[in-house]
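Below you'll find the structure, written out as structure tokens, and then a few comments.
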Amino acid sequence: MADAGMTRAVAALVAGLREGGVRHAVACPGSRSTPLTVRLREEPGIRLWMHLDERSAAFFALGLARSTQSPVVLVSTSGTAAANFLPGVVEAFLSRVPLVVLTADRPPELRDTGAPQTIDQVRLYGSHVKWFLDLAVPDGHTIPPRYARLTGTRAARTAAIGPAGPVHLNVPLREPLVPDLGPVEPAGQPSSLSVRPRLLDPSPLAALAGRQGVVVAGAADLARWERALRTLARRLNWPLLADPLSNLRAGDPEAPLAAYDAVVRAPAARTLRPEVAVRFGPPPTSKALNTFLEGAELWVVDADGWREPSLAGAQVLWAEDLSPLEDWDPGRPGPRGWLEAWRTAEAGARAAMAAYLHQEAPPAFEGLLYHRLGRRLDPAAPVLAGNSMPVRDLDSFYWGSDPPLRLWGNRGANGIDGVVSTALGLAAGAGRAVAILGDLSFYHDMNGLLAAKWHRLQGAVVVVNNDAGGIFRYLPQAALPGDLYRELFDTPHGIDFSGVATLYGLPYRRAATVGEVEEALARAEVEGGLWVIDWRVLDPAESAAVHRTLWRRVEERLG
């Protein structure tokens with residue numbers, strides 16, 4: 001059995017994590033991490049979720065932290081197991097998601113000696129964590145339990161305090177590794193750490209009064225600041241342009257504008273070009289909108305730290321609490337007719353696209369699913385949109401719903417890895433979830449499906465399957481010669497995903513139309529389990545042609 005001092009010190013660390021707000025932990029099997037996983041499993045108030053694949057585990061923890069709005073512990077054994085957390089840690093850092101990463105390590109005397117499963121884990125994740133600590137060996141002497149308990153609380157609170165993000169504790173452990181089972185009383189009293197919220201000072205915004213501008217809600221969850229954003233836009237008499245991942249596209253008559261991606265592509269939109277733009281959070285998904293706003297004076301307001309990659313921000317205001325905007329009054333609104341002009345263009349774009357989508361669009365066109373999304377899904381189930389085309393089509397064709405859906409995306413690093421596991425983490429916290437992702441994203445994270453079987457998770461994974469990297473049809477690479485383009489960018493894989501579902505014991509449905517997808521989603525909700533819905537959509541070239549047709553219809557309507 002492990003040294004009694006180590007058992008007490010690890011128990012104190014875990015107790016501190018719980019006192020800091022941790023209610024869930026995600027771990028993969030490993031020898032060196034045994035004291036950590038056993039104590040997390042035994043700690044009252046913490047649920048331990050086991051995984052086999054470290055990369056999938058990290059994204060599962062990320063989804064679980066998002067769903068529960070609380071810090072989640074992520075545990076690995078020593079060596080390359082810890083290195084496989086890196087993609088998930090990077091996404092958590094850039095997406096402001098609170099994780100506490102515990103990497104078990106060899107003790108100092110075994111480092112750099114050729115000992116097995118030993119790599120340099122000191123600052124393993126570099127600048128992609130908010131705080132790093134290489135603990136001394138927790139033997140009850142070099143680490144007093146009181147210090148271990150305080151460290152756990154500090155780690156959890158540091159991860160959660162805005163801007164939220166991952167912290168990394170490297171924990172060297174000596175053999176024997178199996179701790180005493182049963183209750184262990186951690187030494188010392190619980191610690192209470194708090195941070196006073198920093199209120200936004202809205203006084204600089206007085207410079208916006210009377211000007212012609214727009215408010216932009218970027219690609220991050222801003223639902224908690226909905227009242228502040230709506231109040232600002234209303235009092236300035238400006239349009240509010242809401243990215244779908246902002247979760248502000250509600251279905252009421254005064255809802256923020258949602259069809260702006262098509263509007264700003266039209267030549268007629270030049271009359272709508274603003275003098276100034278106030279953006280909340282990170283940039284929106286729409287490249288067309290970001291390009292459209294390049295000439296405007298840019299203000300950035302963010303509750304989660306500096307996110308201004310364009311380097312064009314004339315003013316950047318940061319605060320943890322944006323509620324002062326709810327009572328702010330500019331004194332003088334923007335020009336008469338400005339907001340009405342935007343709303344008229346929005347209505348015209350929606351009408352032009354809706355007419356085509358309802359009457360002429362091929363039933364295997366991806367945009368149809370997002371256009372009808374709010375009418376077909378349970379609003380209580382979070383929806384995760386994969387990167388590349390899914391999140392862009394969500395932006396273009398989901399115009400809001402009543403009640404609204406809760407939408408998520410991994411828009412920190414914008415990678416296509418870990419999407420399945422992130423969605424399953426959301427399901428673990430919310431009861432069920434739906435992921436809509438491309439076939440390449442699904443291929444990248446098929447290992448994550450094991451979590452659905454192990455933990456009996458509910459929901460669906462809709463694979464938008466065109467057997468290709470369809471996004472490149474919208475990028476300059478599409479102009480390359482046909483053979484070269486197909487070899488380097490189409491990336492056909494030819495995988496029959498029914499075999500993948502069988503491998504993990506999951507229900508599988510193949511769909512040829514959006515109606516068949518909706519039918520499968522309805523059955524999944526009734527029958528339970530995690531369903532894999534394989535939707536064979538248009539060839540990427542055909543899909544790109546439909547997108548261009550829609551943009552042309554909007555141009556004609558607005559022109």
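So, of the residues in the stretch 88-122 that are of a type outside the set (S, T, Y) and free of Cβ contacts under 8 Å to residues at least 40 places away in the same chain, which turns out to be surrounded by the fewest Cβ atoms within 10 Å (Cβ to Cβ)? Can you show your working first?
Restricting attention to the stretch 88-122, the residues satisfying the condition of being of a type outside the set (S, T, Y) are 88-94, 96-102, 104-112, 114-117, 119-122.
When the remaining residues are screened for being free of Cβ contacts under 8 Å to residues at least 40 places away in the same chain, the result is 109-112, 114-116, 120.
Numbers: E109: 11, L110: 17, R111: 16, D112: 11, G114: 6, A115: 13, P116: 8, D120: 9.
So, considering only residues that are of a type outside the set (S, T, Y) and free of Cβ contacts under 8 Å to residues at least 40 places away in the same chain, the one surrounded by the fewest Cβ atoms within 10 Å (Cβ to Cβ) is G114.
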Test: residue in the stretch 550-557 that is surrounded by 14 or more Cβ atoms within 10 Å (Cβ to Cβ), part of a loop (DSSP other than H, G, I, E, B) and not aromatic (F, W, Y): no
Residue within the stretch 229-241 that is within 19 Å of L339 (Cβ to Cβ), small (G, A, S) and in contact (Cβ under 8 Å) with a residue 40 or more places away in the chain present: no
Residue satisfying all of: in the stretch 496-532; of a type in the set (D, E, K, R) and not in a helix (DSSP H, G or I); modelled with the lowest pLDDT among these: D496
D112, sole failed condition from (1) within 22 Å of the chain's Cα centre (by Cα); (2) farther than 26 Å from P179 by Cβ: (1)
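Suppose we keep only residues that are of a type in the set (S, T, N, Q) and either under 11 Å from the mean Cα position of the chain (by Cα) or outside the structural domain of I471 (by TED's automatic domain parsing) (or both) within the stretch 410-428. Which one would you say is nearest to P71 (Cα to Cα)?
Narrowing the stretch 410-428 to residues of a type in the set (S, T, N, Q): 410, 414, 421-422.
Now narrow it down to the ones that are either under 11 Å from the mean Cα position of the chain (by Cα) or outside the structural domain of I471 (by TED's automatic domain parsing) (or both): 410, 414, 422.
Working: N410: 17, N414: 22, T422: 15 Å.
Filtering the stretch 410-428 for residues that are of a type in the set (S, T, N, Q) and either under 11 Å from the mean Cα position of the chain (by Cα) or outside the structural domain of I471 (by TED's automatic domain parsing) (or both), the one nearest to P71 (Cα to Cα) comes out as T422.
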The stretch 16-29 residues that are closer than 14 Å to L150 by Cα, paired with ones that are polar (S, T, N, Q) and surrounded by 22 or more Cβ atoms within 10 Å (Cβ to Cβ) (beta carbon under 6 Å, 6 or more apart): G16/T153; E19/T153; G20/T153
Breaking point among (1) touching an Asp or Glu at 6+ places or on another chain (Cβ under 8 Å); (2) modelled with pLDDT under 95, for N84: (2)
Any hit, the stretch 275-290, residues being surrounded by fewer than 20 Cβ atoms within 10 Å (Cβ to Cβ) and in contact with a strand residue (DSSP E or B) (Cβ under 8 Å, 6 or more places away or on another chain): yes
Leading residue by the ranking (surrounded by the most Cβ atoms within 10 Å (Cβ to Cβ)) among those in the stretch 1-25 that are among the aliphatic types (A, V, I, L, M), in contact with a helix residue (DSSP H, G or I) (Cβ under 7 Å, 6 or more places away or on another chain) and in a loop (DSSP other than H, G, I, E, B): V22
Residue count for the stretch 362-387, restricted to those that are crowded, with 20+ Cβ neighbours inside 10 Å, among the small types (G, A, S) and in a loop (DSSP other than H, G, I, E, B): 3
Matching residues, the stretch 203-220, being in contact with a Gly (Cβ under 8 Å, 6 or more places away or on another chain) and polar (S, T, N, Q): Q212
The listed residue being at pLDDT 90 or above, assigned to a helix (DSSP H, G or I) and surrounded by fewer than 23 Cβ atoms within 10 Å (Cβ to Cβ), out of L205, L232: L205
Filter result (modelled with pLDDT of 90 or more and among the small types (G, A, S)) within the stretch 154-173: A155, A156, A159, A160, A164, G165
Flag if A460 is more than 30 Å from A545 (Cα to Cα) and not assigned by TED's automatic domain parsing to the domain that holds C28: no
Hits in the stretch 248-264 (condition: within 19 Å of G218 (Cα to Cα) and surrounded by fewer than 21 Cβ atoms within 10 Å (Cβ to Cβ)): A250, G251, E254, A255
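Has the stretch 543-559 got any residue that is within 19 Å of L424 (Cα to Cα), touching a Lys or Arg at 6+ places or on another chain (Cβ under 9 Å) and either aliphatic (A, V, I, L, M) or modelled with pLDDT of 95 or more (or both)? Give the derivation first.
Residues of the stretch 543-559 that are within 19 Å of L424 (Cα to Cα), as a first pass: none.
Taking every residue of the stretch 543-559 in turn, none turns out to be within 19 Å of L424 (Cα to Cα), touching a Lys or Arg at 6+ places or on another chain (Cβ under 9 Å) and either aliphatic (A, V, I, L, M) or modelled with pLDDT of 95 or more (or both).
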Of all residues in the stretch 174-202 being closer than 18 Å to R146 by Cα and buried (at least 18 other Cβ atoms within 10 Å of the Cβ), the one that is modelled with the highest pLDDT: V184
Test for A524: is it touching a Phe, Trp or Tyr at 6+ places or on another chain (Cβ under 6 Å), crowded, with 18+ Cβ neighbours inside 10 Å and small (G, A, S): yes
Considering residues of the stretch 299-316 that are at pLDDT 75 or above and surrounded by fewer than 18 Cβ atoms within 10 Å (Cβ to Cβ) only, the residue nearest to F93 (Cα to Cα): V316
Selection count, the stretch 30-45, where residues are surrounded by fewer than 19 Cβ atoms within 10 Å (Cβ to Cβ) and either closer than 23 Å to G165 by Cα or out of contact with any Ser or Thr (no Cβ under 8 Å at 6 or more places or on another chain) (or both): 4
Answer residue from the stretch 123-146, given it is surrounded by 15 or more Cβ atoms within 10 Å (Cβ to Cβ) and among the charged types (D, E, K, R) and is modelled with the lowest pLDDT among those: D139
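Looking at this structure, is L426 in contact with a Lys or Arg (Cβ under 7 Å, 6 or more places away or on another chain), under 23 Å from C28 (Cβ atoms) and either among the aliphatic types (A, V, I, L, M) or without any contact (Cβ under 8 Å) to a residue 40 or more places away in the chain (or both)? Spell out the reasoning first.
On the way: in contact with a Lys or Arg (Cβ under 7 Å, 6 or more places away or on another chain): yes; under 23 Å from C28 (Cβ atoms): yes; either among the aliphatic types (A, V, I, L, M) or without any contact (Cβ under 8 Å) to a residue 40 or more places away in the chain (or both): yes.
Yes.
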Residue match in the stretch 236-246 (condition: out of contact with any Pro (no Cβ under 7 Å at 6 or more places or on another chain) and surrounded by fewer than 23 Cβ atoms within 10 Å (Cβ to Cβ)): no
Among residues of the stretch 197-235, those that are within 12 Å of W328 (Cα to Cα) and among the small types (G, A, S), counted: 5
The lone exception for V461 - which of (1) part of a strand (DSSP E or B); (2) on the phi > 0 side of the Ramachandran plot; (3) of a type outside the set (G, A, S) it fails: (2)
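Could you check the stretch 527-538 and list, in sequence order, the residues that are surrounded by 15 or more Cβ atoms within 10 Å (Cβ to Cβ) and of a type in the set (D, E, K, R)?
Scanning the stretch 527-538 gives D534, R536.
The values are calculated or read from the model by the stated rules, or taken from the named source; none is laboratory data. Model, not experiment: these values are computed from the prediction. Cβ: placed from backbone, ideal geometry, glycine included. Neighbour counts: every protein chain shown.
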